[in-house]
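Peer 1: I have a structure here, written as structure tokens, and I will follow up with some questions on it.
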Amino acid sequence: MNNILLLVCGSLFCMFGLFGNASSTRSESVAAQTSVERDPVKLWEQAIEAKGGRERLYAVRNVLESYDDKTTVALYVFPEKLWEWTDYRPTPLGIRMEMDNPQGKLSYKIEEATPNPPPNLGERHAKEGLWDNYYAQLYYLLETQWIKPFPVRVYSGTIGGRPVDVLQTLVHYSDAPRTNQAGYRVDFHLDKQSHLPLEVAFPSDDSQGINYGRGTYYVTFADYADVSGIQMPRKVGHLIKPKIPLSVQVNLEYDPGIFERPPSIKAGPDAWRPRKQQN
């Protein structure tokens, strides 16, 4: 998803610009934002239930996101692996691929002009790619075995004239204790009726050294449908593209070898599939 953002505006940021995902900036995240007397923990539980329930969410081992035209196909294997194919053509960026496997100390970025095989960027670079995996868990599942946002407070606001509950959370991206005293801020803008997220935002906080003063990063979601008992969006929005058709699948069989060898441009966007399905 992040590679679509790169196509539109280039690399906007470093740490918070890596996955999972299509994030961007804007000066005002939610209109008419006011504090309301709501229990953030209760609201979070309603959101978890609306998504499909904690049991189903915790059972998800991987997520595949793809766009209808296959310009981007990304496989997130939790808690840390990423395989991604992005086709920027007809722009000069061409085709790019990425694979990150921190446990295996493997990381590759490859373009059409990259020699085959590309150099292994190593464990350090692979760990930087973890942010994409974290984002995928937040965007599509809200909470998993590995990522558990801590509800802090609730605001009332609107998105495009639509009323939302803005649930402020703190998220830990490590084994740090789950507490309301530390963590990265992530706001979930929940539809007041369905409790499903219409937007996930990362407010600027220079004290944490995350967004480098560039404002709030956010991504919007719409048109939810049932996927294996979990409500998944069929449209994603960011920057100048508000509703991009999207397919999200969970717990797919895949070729584990894609995380053990350099990616191959020639193998195409279906290289993640089990070998018996690739022909």
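Peer 1: Among the listed residues Val154, Val73, identify the single one that is touching a Pro at 6+ places or on another chain (Cβ under 6 Å) and farther than 25 Å from Glu260 by Cα.
Peer 2: Val154
Peer 1: What is the number of the single condition among (1) modelled with pLDDT of 95 or more; (2) open to solvent by less than 10 Å² (accessible area, probe 1.4 Å) that Leu196 does not meet?
Peer 2: (2)
Peer 1: Residue by residue through region 126-150, note down the ones that are open to solvent by 10 Å² or more (accessible area, probe 1.4 Å) and closer than 17 Å to Ile48 by Cβ.
Peer 2: Gln145, Trp146, Lys148, Phe150
Peer 1: Among the residues that make up region 82-94, is at least one of them within 30 Å of Gln46 (Cα to Cα) and buried (at least 17 other Cβ atoms within 10 Å of the Cβ)?
Peer 2: yes
Peer 1: Quickly run through region 35-65 and pick out the residues that are over 14 Å from Phe188 (Cβ atoms), open to solvent by less than 80 Å² (accessible area, probe 1.4 Å) and among the basic types (Lys, Arg).
Peer 2: Answer for region 35-65, where residues must be over 14 Å from Phe188 (Cβ atoms), open to solvent by less than 80 Å² (accessible area, probe 1.4 Å) and among the basic types (Lys, Arg): just Arg54.
The values are calculated or read from the model by the stated rules, or taken from the named source; none is laboratory data. Keep in mind it's a predicted model, so treat the numbers as computed, not measured. A quick note on method: Cβ atoms are made from the backbone with ideal geometry, for glycine too, and the neighbour counts reach across all protein chains shown. Note: areas computed on protein heavy atoms with side chains; ligands, DNA, RNA excluded. Shrake-Rupley method; radii C 1.70, N 1.55, O 1.52, S 1.80 Å.
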